[in-house]
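Every number in this text was worked out from the coordinates using simple rules, so none of it is lab data. Keep in mind that what you see is a predicted model, and the values were worked out from it rather than measured. A quick note on method: Cβ atoms are made from the backbone with ideal geometry, for glycine too, and the neighbour counts reach across all protein chains shown.
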Amino acid sequence: MKILVAVKRVIDYNVQIRIKEDGSGVVTDNVKMSTNPPDDNAIEEAVKIKEAGKATEIVAITVGEVKAQETVRKALAVGADKGIHVKTEGALEPLAISKIIQKIVEKEKPDLVFMGKQAIDDDCNQTGQMLSALLNWPQATFASKIEIKDTSLEVTREIDEGLETIEINTPAIVTCDLRLNEPRYASLPNIMKAKKKPIEEINVSDLGIDITPRIEQLKVEEPPKRKAGIKVANVAELVQKLKNEAKVI
Amino acid sequence: MSRESMEYDVVIIGGGPSGLSTAIKLKQLDPNLNICLLEKASEIGAHILSGNVFETRALDELLPNWRELNSPIKTKVTKEKFLFLGKTKSLSWPTWLLPAVQQNHKNYIISLANLCRWLAEQAENLGVEIFPGFPASEVLYNDDGSVRGVATQDMGIDKEGNKKDSFEPGIELLGKVTVFAEGCRGHLGKELIQKFDLNKGKDPQQYGIGFKEIWEIDENNHEEGLVMHTAGWPLDNSTYGGSFMYHAENKQIFLGYVIGLDYKNPHLSPYDEFQRFKTHPAIKKIIKGGKRISYGARALIEGGFQSLPQMFMPGALLVGCDAGTLNMPKIKGSHTAMKSGMIAAETINEHLKENKDLSIFDQKFKSSWLYKELFEARNVKPSFSWGLILGIIFTGIDQILFRGKLPFTLKHKHADHETLKPAKDMPKIDYPKYDNVLTFDKTSSVYLTGTNHADNQPVHLKLKDPNLPINYTLEKFDEPAQRYCPAGVYEVQKENDVNKFVINSQNCIHCKTCDIKEPSQNIVWVTPEGGGGPKYGNM
């Protein structure tokens, strides 16, 4: 069985995001970038499945500028066998990414496609679902447990009401939740070995798909600052303030 | 426990200017050398903090064509100011009356973090293997006592010291020569200085704590290329320190404050001195309407010539601020750190090729401009132990009239941890409340550093005696860790009327001040899990 895992390079989760002065986006120059955290879970799960003898090959794919390759290298360092970097410039929407991965799936013919449930930069949470529609494959989103069966998967999903367990046929798409596992560290010798593993570079223009943006971004701005709260002396004052100042009751 | 090991010709600890210059120079001298460089930060530059007005002398020698290599050295110094601050007034000191070492017209305003990222690219292009996120936690020795290499930190250990599922053992990196370039108060450097008695006959080392904020300011107040320093308020005459303000590109200014860690009053809070400094009319008028976008702090090494340890030992070299090559009157350590790394590289090359002893480092160092520079600068810092005014008068005589050639050398008398006076004998300082416009509390400042340490790992700030902070230091010195730590790591909390010393180690920004200033040397800074610590951008 072959697993394709999609990874995205995003601003590190510890970094405080800063908006560009002209509101055209966020500052990314000299900012620490990392792999999107749930994508690390996706890679980890694939590696675990391979270690359990249930998969034979793991291919890590990323889409983006040259430096996005770092995320593929990291995936190779923790156990992926091969990398693919689809080279693009500028921002891409989930639909474009889904179309790109669809093309790669047609070429690589994996049995499973794993990715994070959403990226922490745009929070879209759409790529897995769109890919599922484009490929006409079943999907299991927000996976916190995956069990491999002969021709199907049993997946536990993190949903608002609690946990939902479903069974889907393979080939399938799974988007991974942070609770799925604890990603391992890349060891130094494995990072060195990863430098020698192959990364195939593909120009997006060679895939023959339309990736034109469908959304026009008007403005990026900081959320309004929360005003400091006040302490009220008693319930009567609270009610009075809610009624006359906040005008909510 | 057996660990995997890897062998290299040279292992370098630390991806700052000295370590990277060592690596680049070595590859230039012999492209076939196998060189590995470890960095504890998650990426090169993420733990680097410096003013920085950069003198290109060492870089001109290392990479003469740096101007063609898309380097981040762009903003030339165009104008200089030096102000003496009173509480509300300021007096501008004519720049022609500044010693030559404090004149910057040939220098550049840079971000040292970005310079290091760029140097790392040059090093990687030459074939140096760079591993960020791997702190060297332990020195390895041969049977004959010489340095054999280092071991990296184990990953995936929980608070109690048990292995987690994600446990990944550290590995041993063995070098024919190991170069320690950890920066100021490197924890392995500290061990080596002690073990090999490298500071024998030297004065006690001197340190400072430096703060830096990056502000984006109103373009009407911004003068790209302007370098401004101040002395005086808010510090008193007996406390050594001053500020810098460098107008960089993109309407940014690098605003910072340095305070000598030999201060005497345990009630002094370096962080709050810096915060209130920004409210001085001469500073406020420039940053008003601007926005603070970064914050950080780091200890710096100020002892200079008199405190500089021997930099070679069997199997290893100590370079840059790990040894203490900063030129204090120049307020610059990057070019000197780079030069020390380059001399180390030449030494290692001859050691490997011609089997010369590493002690040839000393001859090379003594015949270099680096030595001359540090020698001439030697008397400035100790003269300030007589107070700001006498220090300035002496420095004028020493640096302008005699150009550092006075026939005597002043001594540093005390180590910084010995200088605190009992809390009851010193005046309390009433710091103003933060206004969240110009001045900010520690929590919101630390937030800007992006610092983080994976939770459930052992505390990396070790107490030799866990009871000492409450039983002794609190009573005698009002536990100054609460104030000298720029990240709010240390707190004394009252629980049911009992005092408790709390270490919020996840806040640590790796400045090393606690390791230096703790009066009983009771706090020991060791490396946390790899990749932890601040995530500085262009600091």
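Entry note, chain B: the mean residue ellipticity at 222 nm calculated from DSSP H runs of n ≥ 4, each adding -39500 (n - 2.57), is -6500 deg cm²/dmol after division by the residues and rounding to the nearest 500. In summary, the lysines within cross-link reach of B:K159, defined as a Cα separation below 18 angstrom excluding same-chain residues under 8 places away, comprise B:K462, B:K464. For chain A, with a Gaussian network of springs between Cα atoms less than 10 Å apart, report the residue from A:I19, A:I120, A:I199 with the top mean-square fluctuation. It is A:I19. Here the calculated FRET efficiency for B:I360 and A:I166, from their Cβ-Cβ distance with R0 = 60 Å, stands at 0.25, rounded to the nearest 0.05. Cysteines in chain B that lack a partner Cβ within the 4.7 Å cut-off: B:C36, B:C116, B:C485, B:C508, B:C511, B:C514.
For chain A, a Gaussian network of Cα nodes joined below 10 Å ranks A:V105, A:V72, A:V174 by mean-square fluctuation, and the top entry is A:V105. Applied to segment B:352-361, the Karplus parametrisation 6.51 cos²θ - 1.76 cosθ + 1.60 on θ = phi - 60° returns per-residue 3J(HN,Hα) values of 6, 7, 10, 6, 6, 6, 5, 5, 5, 3 Hz, with x for Gly and Pro.
Listed from fewest to most Cβ neighbours within 10 Å, the set B:V459, B:V150, B:V446, A:V248 follows the order A:V248, B:V459, B:V446, B:V150. Based on C-alpha pairs under 8 angstrom that are at least 6 apart in sequence, chain B has a relative contact order of 21 percent. Across segment A:227-234, computed HN-Hα scalar couplings (Karplus, 6.51 cos²θ - 1.76 cosθ + 1.60, θ = phi - 60°) run 6, 5, x, 10, 9, 9, 6, 7 Hz from first to last residue, x flagging Gly and Pro.
Taking label points 7 Å from Cα along the Cα-to-Cβ direction, B:S367 and B:K494 give a separation of 6.7 nm.
With a cap of 16 neighbouring Cβ atoms within 10 Å, and only residues DSSP puts in a loop, list the chymotrypsin sites (Phe, Trp or Tyr not before Pro) found in segment B:385-416.
B:F402, B:F408
In percent, rounded to a whole number, the relative contact order of segment A:2-244 is 24, using alpha-carbon pairs under 8 Å and six or more apart.
Here is the list for segment A:71-132: GluC sites (Glu not before Pro) lying in DSSP coil, each with at most 11 other C-beta atoms within 10 angstrom of its C-beta, are A:E89. Taking amide H positions as modeled 1.01 Å from N, with prolines and chain starts lacking one, the residues under 5 Å from A:Q139 and 5 or more places away or on another chain are A:I173.
From Cα pairs below 8 angstrom and at least 6 apart in sequence, can you work out the relative contact order of segment B:418-525, rounded to a whole percent? Please report the intermediate quantities before stating the final value.
Working: 116 pairs, mean separation 33.0, N = 108.
The normalised contact order for segment B:418-525 reaches 31 percent.
Apply the a/c threshold of 1.5 to the C-alpha gyration tensor of segment B:418-525 and tell me whether it is rounded, prolate or oblate. Oblate.
For B:L37, the amide hydrogen comes within under 5 Å of the amide hydrogens of B:I12, B:E129, B:I130, B:F131, counting only partners 5 or more places away or on other chains and with H modelled in the peptide plane.
Ranking of A:D39, B:D362, A:D22 by neighbouring Cβ atoms within 10 Å, starting from the fewest: A:D22, B:D362, A:D39.
Remark: B:F501, B:F54 ranked as B:F501, B:F54, counting other beta-carbon atoms within 10 Å and listing the fewest first. Counting only lysines at least 8 places from A:K107 when in the same chain, those with an alpha carbon closer than 19 Å to its own are A:K2, A:K82, A:K87, A:K99. Residues in segment B:42-55 carry Karplus couplings, in order, of 5, 8, 4, x, 6, 10, 8, 9, 7, x, 9, 9, 9, 9 Hz; the curve used is 6.51 cos²θ - 1.76 cosθ + 1.60 with θ = phi - 60°, and Gly or Pro positions show x.
DSSP beta bridges confined to segment A:2-244 are antiparallel in about 40 percent of cases. Sparse packing (at most 12 other Cβ atoms within 10 Å of the Cβ) combined with a DSSP loop state is found for the following GluC sites (Glu not before Pro) in segment A:197-227: A:E216, A:E221. Which residues among segment B:512-539 fall inside the zone where the amide N is under 20 Å from a point 7 Å beyond the Cα of A:K20, along Cα→Cβ? Residues B:537-538 fall inside that zone. If you sort the three axes of the alpha carbon gyration tensor as a ≥ b ≥ c, you get a/c under 1.5 for chain B, which makes it rounded.
Distances between placed amide hydrogens fall under 5 Å for B:L261 paired with B:Y207, B:G208, B:I209, all partners being 5 or more residues away or on another chain. Between segment B:376-413 and segment A:160-233, the C-alpha centres lie 58 angstrom from each other. Label sites at B:K79 and B:K195, each approximated as a point 7 angstrom past Cα along Cα to Cβ, lie 5.3 nm apart.
Helical content alone sets the calculated 222 nm signal of chain A at -8500 deg cm²/dmol, taking -39,500 (n - 2.57) per DSSP H segment of four or more residues and averaging over every residue.
Checking the table A:K20/A:K231; B:K339/B:K405; B:K106/B:K372; B:K25/B:K74; A:K103/A:K145 against a 26 Å threshold on Cα-Cα, which pairs fail?
A:K20/A:K231; A:K103/A:K145
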